[in-house]
Amino acid sequence: MKVIAESSSTRTEWTIVDGKEVVEHAFTTGLNPYFQTRRELSHSIRLELPEAFFRRRCDHVYFYGAGCANKEKNKIMESSLVAQFRTPVTVESDLLGAARGLLVRKPGLACIIGTGSNSCYYDGEEIVKNVPPLGFILGDEGSSAYMGKRLIADVLKGIAPADIKTQFLAAFNVNQNILMDEVYTNSLPSRSLARFAPFLADNLSNPYVYKLVYDGFMSFFNRNIKAYDYKNNPLCFVGSTAVSFQSVLERAAEDFGAKIAKIIPNSMPGLVEYHSES
């Protein structure tokens, strides 16, 4: 049996699989070694996962996570997992998890659009080319954190229409000081920014909101997808934001000159299939 986990900065999905059969399934909060210490990661794993995950004897843990893109951060995540599961652990990036979840063992372009965003060319086994996502300050175009940041700035600067500003402040019961604290003093700022995405989804019929979302996706295509051979490879997306705004994403892709092959909410079914063959 194997433990497979796939984590964004917001949520982690966990499974225990026996071949292709899922025998345990659970969700916890997101785990990201860029923003959390080893102790905080271990605490979340131990307290949030059902006890069944620790009672079963598993041969290996495969963890795909946001923030797991270099050896130093991966070691932090690995040590936390080893301490809890007492079994060999492999830590990989959430992008490789997305690629394997979307394409399993076929080559193509794999994209994440959720709390953050990322993209790569995948050869059926490993990532061959990647445009650096750069996080919610310098990049993450099209993500819910990116859109949340834009929405907050427009509301506070008086750029958003008056009706949107009024609805936003009432819906979240916030003011400028509260919003500034959320962004600049929070240990997980991208998660705080991403929480405003449902407001955009609920108001997508408003021309301002639609343009904000559309522009975010066009920025993703122009600053990321343009670097790949998107005309001759399947273009696939995974993530809650891609699914929530699927119609806008597809229109942006069409206007950019790309055709989307697949949009799915999460990588786990494909990861189960990939690891059942390994």
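The values are calculated or read from the model by the stated rules, or taken from the named source; none is laboratory data. This is a predicted model, so every value here is computed, not measured. All Cβ positions, glycine included, derive from the backbone under ideal geometry; neighbour counts span all protein chains shown. Surface accessibility is based on the protein's heavy atoms, side chains included, excluding ligands, DNA and RNA. Shrake-Rupley method; radii C 1.70, N 1.55, O 1.52, S 1.80 Å.
Brief remarks on what is shown
- Karplus-derived 3J(HN,Hα), 6.51/-1.76/1.60, for each residue of the range 165-175, Hz, glycine and proline x: 4, 4, 4, 5, 5, 6, 5, 10, 6, 10, 9
- Summed over all non-identical Cα pairs, the Kirkwood treatment of the range 135-196 gives a radius of 11.8 Å.
- Remark: relative contact order (the range 140-193) = 42 percent; criterion is Cα-Cα distance under 8 angstrom and separation of 6 or more residues.
- Segments 220-227, 236-243 sorted - mean Cβ within 10 Å per residue, highest first: 236-243, 220-227
- C-alpha long axis of helix 144-157 to longest principal axis of the chain, angle in °: 30
- Helix-only mean residue ellipticity at 222 nm for the chain, each DSSP H run of n ≥ 4 adding -39500 (n - 2.57), per residue, nearest 500: -13500 deg cm²/dmol
- Bridge type composition, the range 1-152 - antiparallel percent by DSSP, nearest 5: 65
- Accessible-area order (highest first, 1.4 angstrom probe) of the listed residues Y146, Y34: Y34, Y146
- Tilt relative to the chain, helix 71-85 - C-alpha long axis, 0 to 90 degrees, to 10: 60
- Whole-Å semi-axes of the range 198-253's equivalent ellipsoid (Cα gyration tensor): 23, 12, 8
- Percentage of interatomic Cα-Cα distances in the range 127-265 larger than 20 Å: 48
- Cα centroids of the range 192-242 and the range 1-72: 27 Å apart.
- When the Cα atoms of the range 82-181 are aligned to their principal axes, the ranges along those axes come out at 50, 35, 21 Å in descending order.
- Exposed-site-free run, longest, the chain (rule: GluC sites (Glu not before Pro); DSSP loop; at most 16 other C-beta within 10 Å): 127-276
- Within the accessible area of the range 210-278 (1.4 Å probe), percent carbon and sulfur: 46
- Note that the range 31-143 presents 46 Å² accessible area per residue, ligands and nucleic acids not counted, probe 1.4 Å.
- 3J(HN,Hα) from dihedral phi, the range 250-267, Karplus parametrisation 6.51/-1.76/1.60, rounded to Hz, x for glycine, proline: 5, 5, 4, 4, 4, 5, 6, x, 10, 10, 8, 8, 7, 9, 10, x, 8, 8
- Sorted peptide list for 25-33, 99-107, criterion being average Cβ within 10 angstrom, highest first: 99-107, 25-33
- Degrees between helix 38-48 axis and first principal axis of the chain (Cα, 0 to 90, nearest 10): 80
- Within the straight-line cut-off of under 14 Å between alpha carbons, the aspartates and glutamates reachable from K75 are E92, sequence neighbours fewer than 8 places apart in one chain being disregarded.
- Beta bridges per DSSP with both ends in the chain, % antiparallel, nearest 5: 55
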